[in-house]
Amino acid sequence: MENISYIGLSQQMALSQQIEVASNNIANMSTPGFKTQGVMFNDYITSPKDGSPIHQSQNFATYRDLSTGNLAQTHNPLDLAIAGEGYFAVSTASGIRYTRDGGFSLNFNRQLVSKTGNIVMSEGGGPLVIPPEAKQITVADDGTVATEIGDVGRVKVVSFDNPQALTKLGNNLYDAGGQAETPLAAETRVEQGVLEGSNVNPVVEMNRMVELMRMFQAAQNMLMTDHDRIRGAIQKLTAVES
């Protein structure tokens, strides 16, 4: 395979992953707490014995933009948002997982749960149970849940030294992968009656998608042109030999 083919194919592989990531960002524009993803890649050079060096692209990691999304008022007392760093801790069938999606509700046992039914953990490690007779629920900026009857507990909100290392799962959850929880920054607060939106910028992502598709098509045209050149050369050599 000639150098131009190596270059074209490596570009298409890199662009293909970037298109996939951009598509996922666009699909999650309305997902609460979703973080925009990007692709990191290397441009490396191989030097064959004969011919020019070959420049190739290789994707080696994805990263998340961890900035806080827009905080939208819902006036639902069970909707919570984290202003700043941190994640809500929830108990799932697979163990403790973490999320930025604070669209909570009460289950039949009056426990605070996520949209998929996972129990929202308190700092004490158990569920947060709202008494049946309680009429008003308030959540302080430190995550303390209270009713007119008294305090219920404090929502467990944690941080990590390397949040980029969290593994993205389905249902807007993250797996810490054994990484230890760390205390929150002093400026982090919990807001009640608010949901954090996705931090995806739709205009930026749509423009990026158009640009990536054009670049992919250009790489495809380059490969087709080179293919036609090689085929023409083979046909000429075959005609001469015959």
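When region 13-34 is limited to residues that are of a type in the set (Gly, Ala, Ser) and in contact with a strand residue (DSSP E or B) (Cβ under 6 Å, 6 or more places away or on another chain), the one that is modelled with the highest pLDDT turns out to be GLY33. How many residues does region 131-166 contain that are buried (at least 18 other Cβ atoms within 10 Å of the Cβ) and not in a strand (DSSP E or B)? Residues that pass the stated criteria total 4.
Per-residue answers, yes or no, for (1) closer than 30 Å to ALA61 by Cα; (2) touching a helix residue (DSSP H, G or I) at 6+ places or on another chain (Cβ under 7 Å); (3) of a type in the set (Val, Ile, Thr); (4) in the same structural domain as LEU80 (by TED's automatic domain parsing):
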| residue | (1), (2), (3), (4) |
| --- | --- |
| VAL129 | no, no, yes, yes |
| PRO132 | no, no, no, yes |
| GLN164 | yes, no, no, yes |
| LEU173 | yes, no, no, yes |
| GLU181 | yes, no, no, yes |
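Scanning region 130-145 for residues that are without any contact (Cβ under 8 Å) to a residue 24 or more places away in the chain and closer than 12 Å to VAL155 by Cα yields a single hit, THR144. A single member of THR99, THR92, THR147, THR116 is of a type in the set (Val, Ile, Thr), touching a strand residue (DSSP E or B) at 6+ places or on another chain (Cβ under 7 Å) and closer than 28 Å to SER67 by Cβ, and it is THR99.
Would you check if there is a residue in region 77-84 being under 19 Å from the mean Cα position of the chain (by Cα), in the same structural domain as GLN192 (by TED's automatic domain parsing), closer than 19 Å to GLY33 by Cα and at pLDDT 95 or above? The answer is yes, given that some residue of region 77-84 is under 19 Å from the mean Cα position of the chain (by Cα), in the same structural domain as GLN192 (by TED's automatic domain parsing), closer than 19 Å to GLY33 by Cα and at pLDDT 95 or above.
Out of all the residues in region 186-201, is one or more more than 18 Å from the chain's Cα centre (by Cα) and at pLDDT below 90? So far as region 186-201 goes, yes, one or more of its residues are more than 18 Å from the chain's Cα centre (by Cα) and at pLDDT below 90.
The values are calculated or read from the model by the stated rules, or taken from the named source; none is laboratory data. A quick note: this is a predicted structure, and the numbers were derived from the prediction, not measured. Glycine gets a Cβ as well: all are built from the backbone with ideal geometry, and neighbour counts include every protein chain shown.
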